[in-house]
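Here the structure comes first, spelled out in structure tokens, and everything after it is commentary.
The values are calculated or read from the model by the stated rules, or taken from the named source; none is laboratory data. Small disclaimer: the values here were computed from a predicted structure and weren't measured. Note that each Cβ is placed from the backbone with ideal geometry, even for glycine, and that neighbours are counted across all protein chains shown.
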Amino acid sequence: MATAHQLDELDRRIIAILQADGRRPYSQMAEALNLPASSVRFRVQRLEESGILQIVGIADPLTIGFDHFVMIGIKVRAGEAQNVCRALSELPETSYVILTAGRFDVMAEVICRDTAHFTEVVTTRVQQVDGVLSTESFFILEMHKLAYGWGAGEVEPAPASEA
């Protein structure tokens, strides 16, 4: 995977545009960047192929029946953190899994339909992963910020007439 220093200013501007509107046409991006559309298309493809950029549709879990957001702090057996992270990453309910320093070795966010679904996930899957010693769950009561547009700068949205 490429590192941040391999991005030039044009790459950062393209990423910022796509973070604001992942469906923005190459022709509109090209106009905003004063480039040919083929150059924008090439750069976007290069960013995707290198693993720097991923363009996805993100559904609001609350609107499709998933209303239990839970952070799980996990303590693991010495030397097992990477294996635990890999195993947890395989679960469809995990939205992210991170290796941490501090009170917990691993943190995972799970999104579940209801309490019964969460109970099943944590007791029969998370706690059964080889290397997991203990878990502590933190139910998310309110989400005040969920952002995806970081790291590349800001961009003006396309005018409504162009959308």
Next on the checklist: I need a count of the residues in segment 79-115 that are at pLDDT 95 or above and either part of a helix (DSSP H, G or I) or aromatic (Phe, Trp, Tyr) (or both).
Outcome noted: 10
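Hey, could you check segment 116-137 for residues that are crowded, with 19+ Cβ neighbours inside 10 Å and either modelled with pLDDT under 95 or among the hydrophobic types (A, V, I, L, M, F, W, C) (or both) and say which is farthest from Gln82 (Cα to Cα)?
Among them, the one singled out is Phe118.
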Checklist entry - Restricting attention to segment 101-110, does a residue exist that is touching a Gly at 6+ places or on another chain (Cβ under 8 Å) and more than 18 Å from Val76 (Cα to Cα)? => result no
Checklist entry - Is it the case that Val106 is closer than 18 Å to Asp67 by Cβ and touching a Cys at 6+ places or on another chain (Cβ under 8 Å)? => result no
